[in-house]
Protein chains: 2
Amino acid sequence: MDTARELFLQKGFEATSIAEILRESGVNSGSLYYFFKTKEELLLAVLDWYVANLYREVIDPAVAQTKDAIGRVFAVLDGYREYLTITEFRQGCPIGNLALEMSEKSEAVREKVVLNFENWRKAIRQLLFDAGDLLPADVDRDALATFVLGVMEGGVMLSRTYRSLAPFQASIAMLRAHFDRLAAEANSTRNRTDC
Amino acid sequence: MDTARELFLQKGFEATSIAEILRESGVNSGSLYYFFKTKEELLLAVLDWYVANLYREVIDPAVAQTKDAIGRVFAVLDGYREYLTITEFRQGCPIGNLALEMSEKSEAVREKVVLNFENWRKAIRQLLFDAGDLLPADVDRDALATFVLGVMEGGVMLSRTYRSLAPFQASIAMLRAHFDRLAAEANSTRNRTDC
DNA sequence: GTCTATAACTCGATAGAC
DNA sequence: GTCTATCGAGTTATAGAC
């Protein structure tokens, strides 16, 4: 399953053949099909793994970097920047690929992809709630978390296509500019109540 | 080629078989291969079509809707909202799908996808320049255009996966909030120089 | 639980008549 | 330029011995 996860990530689901998974992992056909009845079941197991490991792999390392809640959101995004860089833009978000490839083909896969996105989005939303009055009170944290996820996925898509960090960097810089303005607004409101 | 374009859009490149294109279009194998030496060449022709038809299909209708430059940007995005809705979230941006699916598999396709993104991005960038002092002078129009593209692609990806307009709407609403703040800042700067 | 061999099928692409 | 027939390779999945 680890081999399958890596190959699905590198090449997508359809483009990865069972034969290749068997060859890379040194497993034989009969053994794989003893545990996973179909190739799709193997993918579902991989998607479960991503849900189970989001915090360990993505959120916790970012949270450990800084005590600032907003800073933690950008630390998460910085993790993706780093990942794009070390893979030379060959790999991005493991879920985003599968989202567009598989949503129309398998309802079970689509639902597990939604589960992954919701998992990620809720983690970011929690950080945004943790930010408290560093953000204006009337800002919709839920929608903002969706926005952050969308900006990340869009930026990763563009940088993978361009084979350049520039689009991702530009997107994150604009997102940062937005958060700076939100923070400034929250700050001026706080000062006003201080008077 | 029209049939191929629709099928590639609906199901992706790999998932669309030549046999299906032939069946749907009523064309015979020999005829297709007389014009396109490979399936990939057929895709490249489709991608050329998208470059050639961006303005006619996407930009011009949005420009016709309003004289406000920023409004035109959001009219373009609204076109994608409408498209998501009428296809019941089954189809999004034709290029975004192919970007993630094909970037690793064919350098020629990747380059044509980049061409499509650049085409789109430049159109948006022009609108942002047209906005003149409705945006703060120090805002990087180029990066902002990339941001708009990324937000659109990310929002489309999420809405297709969730089978709901909500993520796209939330993303566009947050983007709108950002533009509103930029416009407010530009406005206060203009007023200051008026004094 | 794991092995090898292969069934059953679909794929992109081609040959050669017309 | 278009037709039909088909090649050869690759696909997922299974059968049946161990």
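The values are calculated or read from the model by the stated rules, or taken from the named source; none is laboratory data. Predicted, not measured: the structure shown is a model, and the values here were computed from it. When we count neighbours, we look across all protein chains shown, and the Cβ atoms used for this are built from the backbone with ideal geometry, even at glycine.
For the stretch B:44-62, a residue qualifies if it is among the aliphatic types (A, V, I, L, M) and either under 12 Å from the mean Cα position of the chain (by Cα) or surrounded by fewer than 18 Cβ atoms within 10 Å (Cβ to Cβ) (or both), and the qualifying residues are B:L44, B:A45, B:V51, B:A52, B:L54, B:V58, B:I59. Counting only residues that are loosely packed, with under 15 Cβ neighbours inside 10 Å and either within 20 Å of A:L100 (Cβ to Cβ) or within 14 Å of chain A (Cβ to nearest Cβ) (or both), the stretch B:1-39 holds 2 of them. Any idea which residue in the stretch A:93-109 is farthest from the other protein chains (Cβ to nearest Cβ), counting only those that are closer than 21 Å to A:R121 by Cβ and outside any helix (DSSP H, G or I)? Looking at the filtered set, the residue picked out is A:C93. What do you reckon, is B:R90 assigned to a helix (DSSP H, G or I) and either modelled with pLDDT of 95 or more or more than 16 Å from DNA strand D (Cβ to nearest atom) (or both)? For B:R90, the condition - assigned to a helix (DSSP H, G or I) and either modelled with pLDDT of 95 or more or more than 16 Å from DNA strand D (Cβ to nearest atom) (or both) - is not met.
Within the set B:K37, B:K67, the sole residue that is away from DNA strand C (no atom under 14 Å from the Cβ), in a loop (DSSP other than H, G, I, E, B), out of contact with any Gly (no Cβ under 6 Å at 6 or more places or on another chain) and farther than 23 Å from A:R160 by Cβ turns out to be B:K67.
What about B:E20, is it closer than 21 Å to B:E104 by Cα, in contact (Cβ under 8 Å) with a residue 12 or more places away in the chain and within 16 Å of DNA strand D (Cβ to nearest atom)? Criteria not met by B:E20. Test each condition in (1) more than 10 Å from chain B (Cβ to nearest Cβ); (2) over 21 Å from A:T66 (Cβ atoms); (3) crowded, with 18+ Cβ neighbours inside 10 Å for A:L158 and report the one that comes out false. Exception for A:L158: condition (1).
Of all residues in the stretch A:30-58, exactly one satisfies the criterion of being within 10 Å of DNA strand D (Cβ to nearest atom), more than 24 Å from B:A15 (Cα to Cα) and polar (S, T, N, Q), namely A:S31.
Of the residues making up the stretch B:130-139, those that are touching a helix residue (DSSP H, G or I) at 6+ places or on another chain (Cβ under 8 Å) and either of a type in the set (D, E, K, R) or free of Cβ contacts under 8 Å to residues at least 40 places away in the same chain (or both) are B:D130, B:D133. Limited to the stretch B:110-149, what total is found for residues that are small (G, A, S) and within 12 Å of chain A (Cβ to nearest Cβ)? Of the residues in that region, 2 qualify. Among the residues here, B:N97 qualifies as closer than 26 Å to A:E118 by Cβ and at pLDDT below 95. Picking from residues in the stretch B:161-180 that are more than 7 Å from every other protein chain (Cβ to nearest Cβ) and without any contact (Cβ under 8 Å) to a residue 24 or more places away in the chain, the one that is surrounded by the fewest Cβ atoms within 10 Å (Cβ to Cβ) is B:D180.
Looking only at the stretch B:12-34, residues that are in a helix (DSSP H, G or I) and more than 10 Å from DNA strand C (Cβ to nearest atom) come to 2 in all.
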